[in-house]
Amino acid sequence: MTVSCSPPDHDVSHDFDAPFDRTGTGSSKWARATAPGVIPMGLADMDLPGPPAVAEALERRARHRAYGYTVCDPSGRTLVAAWYRARHGVEVDPDWVLLPPCGPRTALRILLEAVRPQAPVLFPTPEWGGFAQLCRAMGLPHRALPLPLAPNGYRLPPGPLPRPAGAVLLSNPHNPSGRVWPTGAVRGLAAWAAESGALLVSDEVHGDLTHPGHRHPVAVTTADPAHRPSVVTLNSVGKTFNCSGIPSSFALVPDPGLRARFTDALAGYGLWEGGLLEQTVHRAALGAGGPWLDALLAHLVAARARLTDRLGPAVRSVPKASYLLWLDAAALGLPPAGARAALLERCGLEASDGADFGPGGAGSLRLNYALSGRVLDTVLARLDRL
């Protein structure tokens, strides 16, 4: 199975220049734009056209008018392994790979049900709010661990984990700041989790969006081999290729016993590997999406530079992955307790409230800068109203 990671044969960057109209698509992101002219920059999906290869694959499959049950294509596992080898320079055993026909959040929920940790689930703060939400919904005891903020960004907890611990959940790269965790820090966290008898679950849906010049530490391959049975990586083509509306994911689960329990738990919800649309998108994205992704990353790096230059010390941590900017509301001249509403009123820009990312997020805002160049021009002009 071939994975395309070479530079594009033709320039696709122009696809990211003009505004991309999502009218009539049911976009949940644009549903948050509650007044005319508001630019939604809160929800983490891109206002950019996705890879042509994905659209073409869906069109081809739609022309065959039988949409019944499908089985899992075993080549999907080797395709994932080839992707990790080509994009990240690491070796993933295809036997580790599971292909749930559901999004990463659902996959995480079902994985936690398979594990059923009795001790508290640990996760950092500030951190993607879905971890806390899942724990509350499942009635799992949980505890947030404050992340120290250094000049170069947040740091992972610098010592052994509190005990007891049942599981450790981590967004890798960090959501909301776009921080690429150092390899040694991820390896250390995996060791601490294993020593505590906990499972480290690394949510790596932004990992393929690591900016050029930086290296994403894939948790299962970064961990010492002795600790890999206590590590799971969750990923998806959804964030990377702007196709999150077709839920799919892939999991790297080195421990065969845990893979079996995870598979059984999925089946309990009527979920089996091999979803029709999921496999179509998965094959097209990983098999032919590399050149598009290279062009996207160049666009995101340029957009990041324009915004960080404009916002200066308000940027808590310059992102090295994804398309999320984590801002200090007070440094923007906004009231920390009502920053989201104030930004919306003054600038017509909708952001995510930092309080949604746990206690460590109070007084912050998260902006999504995966926008066309022309829309970004408008955003920068509006920021002058602050």
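Rounded to the nearest 20 debye, the dipole magnitude of the stretch 332-379 is 80 debye, with +1 charges on Lys and Arg beta carbons, -1 on Asp and Glu beta carbons, and the Cα centre as origin. Straightening the chain between Ala137 and Arg32 buys 35.4 nm, computed as 0.36 nm per residue apart minus the Cα-Cα spacing.
Counting every C-alpha pair in the stretch 42-85, the share spaced more than 18 angstrom apart comes to 59%. Summary value for the stretch 13-116: 16 percent relative contact order, contacts being C-alpha pairs under 8 angstrom separated by 6+ residues.
Think of a 1.4 Å ball rolled over the protein heavy atoms: the chain then has 41 Å² of accessible area per residue. DSSP beta bridges fully contained in the chain are about 45 percent antiparallel.
Show me 115-123, 262-270 ranked by packing, highest mean number of other Cβ atoms within 10 Å first. Could you put the intermediate results ahead of the total?
On the way: 115-123: 19.2, 262-270: 15.2.
Sorting 115-123, 262-270 by mean packing, highest first, produces 115-123, 262-270.
May I ask you to rank Ser27, Ser244 by accessible area, largest first, using a 1.4 Å probe over the protein chains only?
Values: Ser27 15, Ser244 65 Å².
Most to least solvent-accessible, the answer reads Ser244, Ser27.
Here the spin labels are modelled as points 7 Å beyond Cα on the Cα-Cβ line, and at Ala86 and Leu276 they lie 2.8 nm apart.
Take the Cα of Ala381, go 7 Å toward its beta carbon, and the backbone nitrogen atoms of the stretch 21-38 under 16 Å from that spot belong to 37-38.
A straight chain from Ala185 to Cys72 at 0.36 nm per residue would run longer than the Cα-Cα distance by 37.1 nm.
When peptides 73-79, 17-23 are sorted by average Cβ neighbour count within 10 Å, with the highest value leading, the order is 73-79, 17-23.
The helix-based estimate of mean residue ellipticity at 222 nm for the chain, built from -39,500 (n - 2.57) per DSSP H run of four or more residues and divided by its residue count, is -11000 deg cm²/dmol to the nearest 500.
Largest first, what is the accessible-area ranking of Thr240, Thr183 with a 1.4 Å probe? All intermediate terms of the calculation are to be shown ahead of the outcome.
Values: Thr240 0, Thr183 55 Å².
From most accessible down to least: Thr183, Thr240.
Charge tally for Pro100 (other residues, Cβ to Cβ under 12 Å; Lys, Arg +1; Asp, Glu -1): +1. A convex hull fitted around the alpha carbon atoms of the stretch 262-343 yields 184 Å³ per residue.
Report note on the peptides 33-39, 175-181: ranked by the mean count of other C-beta atoms within 10 Å, highest first, their order is 175-181, 33-39.
Please compute the volume of the convex hull spanned by the alpha-carbon atoms of the stretch 211-293 and report it per residue in Å³. Don't jump to the answer; show the numbers that get you there.
Working: hull volume 9.1 nm³, N = 83.
Residue-normalised Cα hull volume stands at 110 Å³.
Computed 3J(HN,Hα) for the stretch 58-73, one whole-Hz value per residue from the Karplus formula 6.51 cos²θ - 1.76 cosθ + 1.60 where θ = phi - 60°, is 5, 4, 4, 5, 5, 5, 8, 8, 10, 10, x, 4, 10, 9, 6, 7, glycine and proline marked x. The Arg22 and Arg155 beta-carbon pair, evaluated with R₀ = 30 Å, returns a calculated FRET efficiency of approximately 0.20. Where the alpha-carbon atoms of the chain are placed on the principal axes, they occupy 57, 54, 36 Å, in descending order.
Pulled fully out, how much extra length does the chain show between Val301 and Asp95, if you take 0.36 nm times their separation in residues and subtract their Cα-Cα distance?
Numbers: separation 206, 0.36 × 206 = 74.16 nm, distance 3.47 nm.
My answer for the length gained is 70.7 nm.
Within 15 Å, Cβ to Cβ, of Arg77, how many net charges do the neighbouring residues add up to if Lys/Arg are +1 and Asp/Glu are -1? Around Arg77, the surrounding residues sum to -3.
Spacing of the modelled spin labels on Arg215 and Asp264, each 7 Å from Cα toward Cβ, amounts to 3.9 nm. In this structure, Arg163 and Arg65 have a Cβ-Cβ separation that, at R0 = 56 Å, corresponds to a calculated FRET efficiency of about 0.50.
The values are calculated or read from the model by the stated rules, or taken from the named source; none is laboratory data. Since the structure is predicted, the reported quantities are computational estimates derived from the model, not experimental observations. Positions of Cβ are backbone-derived with ideal geometry, glycine not excepted, and every protein chain shown enters the neighbour counts. Side chains are part of the model used for accessible areas, which takes the heavy atoms of the whole protein and leaves out ligands, DNA and RNA. Shrake-Rupley method; radii C 1.70, N 1.55, O 1.52, S 1.80 Å.
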